[in-house]
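The values are calculated or read from the model by the stated rules, or taken from the named source; none is laboratory data. All values reported here derive from a predicted model rather than from experimental measurement. Ideal geometry is used to build each Cβ from the backbone, glycine not excepted, and the neighbour counts take in all protein chains shown. Keep in mind that these areas ignore ligands, DNA and RNA; they rest on the heavy atoms of the full protein, side chains included. Shrake-Rupley method; radii C 1.70, N 1.55, O 1.52, S 1.80 Å.
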Amino acid sequence: MSAAATPAPAADDIGAAVATTSAVQFVSPMPGLAPHTSFTLAQIGESSGLYALRAADADVRLFLLDPRTGAFGYAPRIPADARVAIGAADDAEVALFVVVNPSAEGIRVNWKAPILIHLDTGLATQIILDDPAYPVRALLVP
């Protein structure tokens with residue numbers, strides 16, 4: 001399916017729309033995490049926008065950040081086929097997250113491969129953006 005991409009939704013109340021703990025079901029395994037597709041998404045403490053994504057059937061965990069909770073300037077265009085894959089009619093139905101990793105230099109963020117989660121159903125997918133402006137391992141600067 002080839003429909004036009006649209007800008008990612010604004011921060012508004014996305015964080016409030018994602019429950020403190022939610023079931024997440026990926027439509028296909030994320031690269032490097034096969035065969036796991038069932039996860040839980042839980043907010044970490046009282047932090048704004050920081051979550052743990054844990055596999056339901058294994059000791060697998062990723063840290064996710066809702067980039068709209070900070071002034072990161074991250075506004076990728078979400079391909080229409082990615083929304084269709086998780087059953088979202090438009091961007092307002094989608095929460096967008098990026099994977100974060102601690103490193104010796106600080107916190108690294110994968111801007112290249114955001115995770116999209118349908119706010120109502122919990123269906124999810126990870127996409128790879130074509131835009132070269134988004135690196136795989138960007139260092140977050142405070």
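Below, the figures for the structure above:
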read-out: Selected residue (criterion: least open to solvent (accessible area, probe 1.4 Å)) from residues of segment 47-106 that are assigned to a strand (DSSP E or B) and of a type in the set (S, T, N, Q); value: SER103
read-out: Residue check for ALA92: in contact (Cβ under 8 Å) with a residue 60 or more places away in the chain and more than 17 Å from PRO29 (Cα to Cα); value: yes
read-out: Residue check for ALA34: in a loop (DSSP other than H, G, I, E, B), modelled with pLDDT of 90 or more and open to solvent by 60 Å² or more (accessible area, probe 1.4 Å); value: yes
read-out: Any hit, segment 64-86, residues being within 14 Å of VAL24 (Cα to Cα), touching a strand residue (DSSP E or B) at 6+ places or on another chain (Cβ under 6 Å) and without any contact (Cβ under 8 Å) to a residue 24 or more places away in the chain; value: no
read-out: Only one of ALA80, ALA56, ALA95, ALA71 that is more than 21 Å from ILE128 (Cα to Cα) and modelled with pLDDT of 90 or more; value: ALA56
read-out: Within segment 107-120, considering residues that are outside any strand (DSSP E or B) and either of a type in the set (Asp, Glu) or modelled with pLDDT of 95 or more (or both), the one most open to solvent (accessible area, probe 1.4 Å); value: ASP120
read-out: Given (1) surrounded by 18 or more Cβ atoms within 10 Å (Cβ to Cβ); (2) of a type outside the set (Phe, Trp, Tyr); (3) modelled with pLDDT under 95, index of the condition ALA124 fails; value: (3)
